[in-house]
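Just so it is clear, none of the values below were taken in a lab; they were calculated from the coordinates. Treat the numbers as computed from the prediction; the structure is a model and nothing was measured. A quick note on method: Cβ atoms are made from the backbone with ideal geometry, for glycine too, and the neighbour counts reach across all protein chains shown.
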Amino acid sequence: MSRVNLIALLLVAGLVTGLMLLPGERVERIRHTVLGWASPWLRAKDATGTLVDGLVAQKPSYEKLEEEHRRLYQEVQHLRTLNRSLDDLYRQNNELRSALNLRKLPNFELVAAEVISRDSSTWYNSLVIDKGVRDGLGVNDPVIVETKLVGKISVAGPDSSVVLLVTDEACKVTARVMSTTYLGISEGQGSQSPSVATGQGETQGGRGTLAPRLRLRYLDKFAKIQPGMSVYSSGQGRVYPPNLELGKIVSVKSGDITTEAEIEPAIDFSRLEFVFVIRRGAGEAGGKTEPGAVESPAPDGEAKR
């Protein structure tokens with residue numbers, strides 16, 4: 001045994017012997033003093049033990065909370081899906097209401113059709129719908145959404161048809177700038193695959209691609225037009241009815257002979273699901289046009305300044 005331990009043992013033995021020789025009243029006072037000094041530490045020990053016991057007892061409650069969190073998360077995802085479905089139904093309902101209004105016009109008969117096929121290489125050129133000759137459709141029948149022009153049927157099969165979109169370079173429409181008599185020819189500006197990311201400009205429908213715009217050509221050199229003005233089909237020619245919206249002017253360029261304008265399409269072509277084909281009545285002037293027919297601009301002098 002080391003000297004330090006021996007000294008400590010002798011001190012403890014002496015302290016115990018001294019306490020035993022003291023009167024009982026003094027021993028009791030010393031005991032109360034020691035207990036009073038140690039009681040905060042003893043209470044802290046008891047509180048810590050109680051806290052640990054409580055945490056152990058609450059473990060099943062935390063598991064229940066995690067389970068409740070998972071359940072609520074699944075419900076939120078389900079509600080979000082329902083909300084998106086309701087948005088789609090609301091949009092389709094508006095399209096149907098607009099179509100019902102168009103049905104009231106003379107010589108107009110609408111055929112509802114669903115988009116059943118699109119090719120990424122011709123995304124902004126054409127699409128395929130589930131209606132064809134057996135439904136009374138034919139080449140050059142206009143295709144619309146609400147009162148907006150989508151394009152025209154370019155190939156009509158027995159039970160399906162190919163629709164040439166207004167964003168295709170081959171689709172030309174005699175157009176009028178709103179609140180004016182200025183006429184021009186609207187045409188597409190080529191195709192862009194939805195798989196190609198451009199990294200600039202606005203995106204369409206979250207696809208991350210730049211949708212092509214329309215070009216309004218052969219306007220009067222002195223045409224007083226500006227960005228923000230809407231452009232509609234004029235009804236001249238024998239293909240498209242009047243007052244179908246094409247889009248809004250975003251820029252204007254004046255040349256030596258004519259003026260041109262760039263148009264942002266009125267339709268989000270990346271989200272087309274349902275369309276309406278205008279099947280003309282038998283008594284409509286002009287009747288059916290030959291495949292490949294294009295509307296012609298107004299004769300010289302008809303477009304007023």
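Before moving on, here are some points about what is shown:
- Each of S2, S126 was scored by other Cβ atoms within 10 Å of its Cβ. Listed from fewest to most, they are S2, S126.
- Taking all Cα pairs closer than 8 Å and separated by 6 or more residues, the relative contact order of the range 105-280 comes to 25 percent.
- Tensor-based shape of the range 105-280 (alpha-carbon gyration tensor, a/c under 1.5 rounded, otherwise prolate or oblate): oblate
- Contour excess over end-to-end distance, with Cα ends at F222 and V76 and 0.36 nm allotted per residue: 46.9 nm
- Between S120 and A170, the contour length at 0.36 nm per residue exceeds the alpha carbon distance by 16.2 nm.
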